[in-house]
Amino acid sequence: MKKLFLLSLLTLGLTACATSPNPEPIVEDSLTLTEDLLVSGDWGPVGVLGAYIEFNEDGTYLDSFAGEGGAPVEGAYQIEGEKMMLTPRNGEAPWSMTLGESADSLYYTVYLTADGSPKYWDRNTPVPAGSKRIVDSYSVIIVDSDAQVTPEATPKAKPEIGSPVYEFRFCAEGCEVGEIESFAGSFTGVLARTETKETVAGLEDYWYLVGVELGWYSGALIDGEPAYGTKISYAWVHGSELQ
C-alpha cells in the first residue's frame, strides 16, 4: 500500500509540474562549466526534499537525496568541454550532465541537468527581484520580501476572488483522509506578485505567489480530491493575507 501511495504522489506530482513554470535552457557565452563553479555551487532542489550533489576540488562528488529511498553515491567527475562525466564508485554506469541557465524559473537561474534526471539548481543564483515571469498564464514580478502569511490566510489555486482553495493533508500508509496541515507550516516565503492590484475585503493590494513545501507523505487537495493529494510548490494569497 505504501509503494502504491508513493507512486500515486509521484505520478500526480509530475502531472502538476507539467502545468507549472518549466524552465527552458538559455545558455549564455559567459556561463562556462568549470571546476570552480562546481565546487563553489550549492547544488540541490528548490525546496528541502529532492536531489543534492556536492563537488570537491579533488575531482570527487557526493550525490544524495532528501526524502524516502536513495542511498548516497560517491564518485569521480571530469569536465569534457561543455559537459561533465560522472563515474559512480558503486559500479553503476557513468553518466553526463550539462550546465544551463533559465529565464523562466521562479527561484534560481543556474542549474545542472542530465537527460531524464532532476535538475540540480545552484542555490547561490537567486532570480533577481524585479524580474518578470509567467505563472499559469499570469504575469508576475519577482519580489524580495520577508512577509509571512496571516493565521487566517488560505492557499488559493488562482489569483482571483472566488478561487478554489487548497487543503493540505498528511496521509500515512492506508489512510483515507489524512490529518489537516496548516498553511503557515507549509509556507516557505513570498516569491512574486501580480502586476495589478485588486480590492479584497476592502483592501487594495496585489496577489502574491508564495512558496509551499509539502512533506513526503503530504498532498494538496481541492474539495477533497484527489484522494491522495498532489504535490504543489506554490499557491496564491492576496496582500491582505500577509503580515
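Tabulated values for the structure
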{"item": "Extension gain (nm, one decimal) between Ala71 and Thr113, 0.36 nm per residue minus Cα-Cα", "result": "13.2 nm"}
{"item": "Gain in span if fully extended, Ile222 to Asp146, counting 0.36 nm per residue against the direct Cα distance", "result": "24.6 nm"}
{"item": "Packing rank of 68-81, 199-212, 47-60, where each peptide gets the mean count of other beta carbons within 10 Å, highest leading", "result": "199-212, 47-60, 68-81"}
{"item": "Stretch gain in nm, segment Ser96-Ser139, where the contour uses 0.36 nm per residue and the Cα spacing is subtracted", "result": "12.0 nm"}
{"item": "Cβ charges +1 (Lys, Arg) and -1 (Asp, Glu), total dipole of the stretch 73-224, debye", "result": "320 debye"}
{"item": "Pairs from Lys156/Lys231; Lys119/Lys197; Lys132/Lys197; Lys83/Lys132; Lys158/Lys231 whose Cα-Cα separation, in the structure shown, is over 24 Å", "result": "Lys119/Lys197; Lys83/Lys132"}
{"item": "Residue (of Phe170, Ser145, Ile180) at the positive-pole extreme of the stretch 121-203, dipole from beta-carbon charges", "result": "Ser145"}
{"item": "Virtual spin-label span in nm between Gln78 and Glu204, 7 Å along Cα→Cβ", "result": "6.5 nm"}
{"item": "Per principal axis, descending, Cα span of the stretch 43-89 in whole Å", "result": "32, 22, 16"}
{"item": "12 Å beta-carbon shell around Leu49, net charge (K/R +1, D/E -1)", "result": "-1"}
{"item": "For the stretch 136-220, the spread of Cα positions along each principal axis, largest first, Å", "result": "45, 27, 26"}
{"item": "Computed label-point distance, nm, for sites Ser131 and Thr188 using a 7 Å Cα→Cβ extension", "result": "1.5 nm"}
{"item": "Förster radius 22 Å - calculated FRET efficiency between Thr154 and Lys197 (Cβ-Cβ, nearest 0.05)", "result": "0.70"}
{"item": "Net charge over other residues, Cβ less than 14 angstrom from the Cβ of Val73 (K, R count +1; D, E count -1)", "result": "-3"}
{"item": "Proximal charge balance of Leu62 [Cβ under 11 Å; K/R count +1, D/E count -1]", "result": "-2"}
{"item": "Protection-proxy order for peptides 85-91, 137-143, each taking the mean of Cβ atoms within 10 Å per residue, highest first", "result": "137-143, 85-91"}
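Since every read-out is calculated from the coordinates, none of them should be taken as a lab result. All figures in this text were calculated on a predicted structure; none of them were measured in a lab. Quick reminder, even Gly has a Cβ in these numbers, built from the backbone with ideal geometry, and neighbours come from all protein chains shown.
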